[in-house]
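The values are calculated or read from the model by the stated rules, or taken from the named source; none is laboratory data. Remember, predicted model here, so these are calculated numbers, not experimental data. Quick reminder, even Gly has a Cβ in these numbers, built from the backbone with ideal geometry, and neighbours come from all protein chains shown. The area values use the complete protein model at the heavy-atom level, side chains included, leaving out ligands, DNA and RNA. Shrake-Rupley method; radii C 1.70, N 1.55, O 1.52, S 1.80 Å.
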Amino acid sequence: MTRKAFIYSAVAVAAAAGALSAATGCQKAKASTGDQPLNIVYIMTDDHTAQMMSCYDTRHINTPNLDRIAADGVRFTNSFVANSLSGPSRACMLTGKHSHKNGFTDNTTCVFDGDQPTFPKYLQRAGYQTALFGKWHLESLPQGFDRWEIVPGQGDYYNPDFIVESGDTVQVHGYLTDLITDKSLDWLENERDKSKPFCLLIHHKAIHRNWLADTAHLALYEDKTFELPENFYDDYQGREAARAQEMSVIKDMDLIYDLKMDRPDKDSALKARYHSYIDRMDSAQRATYDAFYAPIIEDFYARDLKGRELAEWKYQRYMRDYAKVVKSLDDNVGRVLDYLDEHGLLDNTLVVYTSDQGFYMGEHGWFDKRFMYEESFHTPLIMRLPKGMDRRGDIDQMVQNIDYGPTFLEIAGVTEPNDMQGVSLLPLLKGENPDNWRDALYYHFYEYPAEHMVKRHYGVRDGRYKLIHFYNDIDKWELYDLQEDPTEMNNIYGAEGTDSITGLMMAKLKDMQELYDDPIRFTYPIK
Ligand code: SGN
Ligand code: CA
């Protein structure tokens, strides 16, 4: 294959022009759907992946309340993030911009510049009451909210601390998913100015590592055997960056911290961290917790599992813990829906449920996220629609978390000019099928070297193909045909017969990097 022969094709140029007109917000500034401005309830969870929501995937667990949202509205089947990590995703969502534009590229080195424009600030200026409860993870304090309470950093599942507006930290007794919901409902009922429209952001820590379930749900799923992904024992052939990661269920899951096999005579790298979390429990919580795990721990060490038996035992425990944490989340989403219903707010409120990114549930043998591969590039996105938005069922257009801000602004009728890079989804919610919808998405991940050791990469995905470039201390390209190889096991970059599609995808990538003005770009044509 002669790389210099790649042609910057007319097709790709035309596609880029379409993406540009969409990205500059050509549909902006239409009025909202009715006379009264719509309320927005935005529920964002952490690391909740579509494989663990029954409205997307029925193999593993039931999530009846999440399914209610999808049933009364829409399910996006091609919903993605721009940078699959918590802080970066939150910054993209708030600003409507890719990471290089909002400045928050990774969790470890960045502090969010809270002075920059965000959708809550625009809504507030337009007369909305704005509030935020839960995980924030942007290092600087929130701006643009009439009311907020956040957890420090990742937050704690048990008896967590909250940072309140005075800057003080207050410990609250209970389980975090319940508490975030309690605070949100209390604001809706007792604190907001009911004469104004509102935008409420409910940001859960769940289902983040290390998947500590509410004691009330510990017994769930213990009899269930979860189906093992077919590529659980992936050997990463032809994918050097995938081989280099440290997020393997087999190798990197900590027996104590992740899998709770704690015993005084056992040690592990993350045992101290585990104790810093479970030591927050009060004596009643701890007694229930210890009583549940004691027989599992004894059985585990007595069996002395090895090889695939040990690997699959780890996978089953991981799946069970994650599923138990989802149970609290689903119940609490149900509480919010019930409140809105009982108070006559559903007809006039858009309810959004999404996550800061997707997650691996053993696919490629992994937990965690970060890669541009499908499971973590995707994020679930379902919306319960108010009166006047008639679309129901699946929306298949490619959407990204930079689109949420433009959507909320258009819904609120905000016409103030802004330089957001996302596109309003409102036409899709109204049942329109814009023919200039974007035909490709851009992705860029930066956090390396860091935990889990996923190398820096950027890439482009269209409806069929995905091209990824891993860079920094590596220079490797990967190309996937998602139609032929949906689990991305076969990197066809450089394979015979792929020259023209590689050229087309390179051209799309170049267009995207120009369109979004990313200062980190590959040199084209490749030397
Ligand atoms: C923590 C976790 C990681 C996880 C990051 C980022 N380690 O550092 O496993 O990838 O958060 O997650 S832990 O030992 O502290 O649990 S993110 O969703 O917040 O970006
Ligand atoms: Ca996350």
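Any chance region 188-196 includes a residue that's at positive phi and open to solvent by less than 30 Å² (accessible area, probe 1.4 Å)? So far as region 188-196 goes, no, none of its residues is at positive phi and open to solvent by less than 30 Å² (accessible area, probe 1.4 Å).
Tell me yes or no: at least one residue of region 135-150 is surrounded by 17 or more Cβ atoms within 10 Å (Cβ to Cβ) and on the phi > 0 side of the Ramachandran plot. Yes.
Asp106 meets each of the listed conditions (1) surrounded by 24 or more Cβ atoms within 10 Å (Cβ to Cβ); (2) within 16 Å of ligand 2 (Cβ to nearest atom) apart from (1). Candidates are the residues of region 313-362 that are within 16 Å of ligand 1 (Cβ to nearest atom) and among the polar types (S, T, N, Q); the one that is nearest to the chain's Cα centre (by Cα) is Gln357. Just a yes or no: is a residue in region 160-182 in contact with a Gly (Cβ under 9 Å, 6 or more places away or on another chain), of a type in the set (Asp, Glu) and in a helix (DSSP H, G or I)? Checked region 160-182: at least one residue is in contact with a Gly (Cβ under 9 Å, 6 or more places away or on another chain), of a type in the set (Asp, Glu) and in a helix (DSSP H, G or I).
Check Tyr373, Tyr404 and return the single one that is within 16 Å of ligand 1 (Cβ to nearest atom), closer than 30 Å to Tyr322 by Cβ and surrounded by 23 or more Cβ atoms within 10 Å (Cβ to Cβ). Break it down into steps so the answer makes sense when it comes.
Details: Tyr404 fails: within 16 Å of ligand 1 (Cβ to nearest atom).
Step by step, each of Tyr373, Tyr404 is checked, and only Tyr373 is within 16 Å of ligand 1 (Cβ to nearest atom), closer than 30 Å to Tyr322 by Cβ and surrounded by 23 or more Cβ atoms within 10 Å (Cβ to Cβ).
Condition check: modelled with pLDDT of 95 or more, of a type in the set (Ser, Thr, Tyr), at negative phi and in contact with a strand residue (DSSP E or B) (Cβ under 7 Å, 6 or more places away or on another chain). Does Ser376 satisfy that? When the stated conditions are applied, Ser376 does not pass them. Each residue in region 161-181 was checked for being on the phi < 0 side of the Ramachandran plot, open to solvent by less than 80 Å² (accessible area, probe 1.4 Å) and either of a type in the set (Gly, Ala, Ser) or touching a His at 6+ places or on another chain (Cβ under 8 Å) (or both), and 3 of them qualify. When restricted to residues that are open to solvent by 50 Å² or more (accessible area, probe 1.4 Å) and either over 22 Å from Asp475 (Cβ atoms) or in a loop (DSSP other than H, G, I, E, B) (or both), region 240-254 contains 3. For region 43-66, the set of residues classified as outside any loop (DSSP other than H, G, I, E, B), open to solvent by less than 20 Å² (accessible area, probe 1.4 Å) and more than 16 Å from ligand 2 (Cβ to nearest atom) consists of Leu66 only.
With respect to Thr379, is the statement that it is buried (at least 23 other Cβ atoms within 10 Å of the Cβ) and closer than 30 Å to Glu240 by Cα true? It would help to see each step written out before you state the result.
Numbers: buried (at least 23 other Cβ atoms within 10 Å of the Cβ): yes; closer than 30 Å to Glu240 by Cα: yes.
Taking the combined requirement at face value, the residue satisfies it.
Pairs linking a residue in region 183-206 that is farther than 23 Å from Ala126 by Cα to a residue that is of a type in the set (Asp, Glu), with Cβ atoms under 7 Å and 6 or more positions apart or on different chains, are Lys183/Glu149; His204/Asp46; Lys205/Asp46; Ala206/Asp46.
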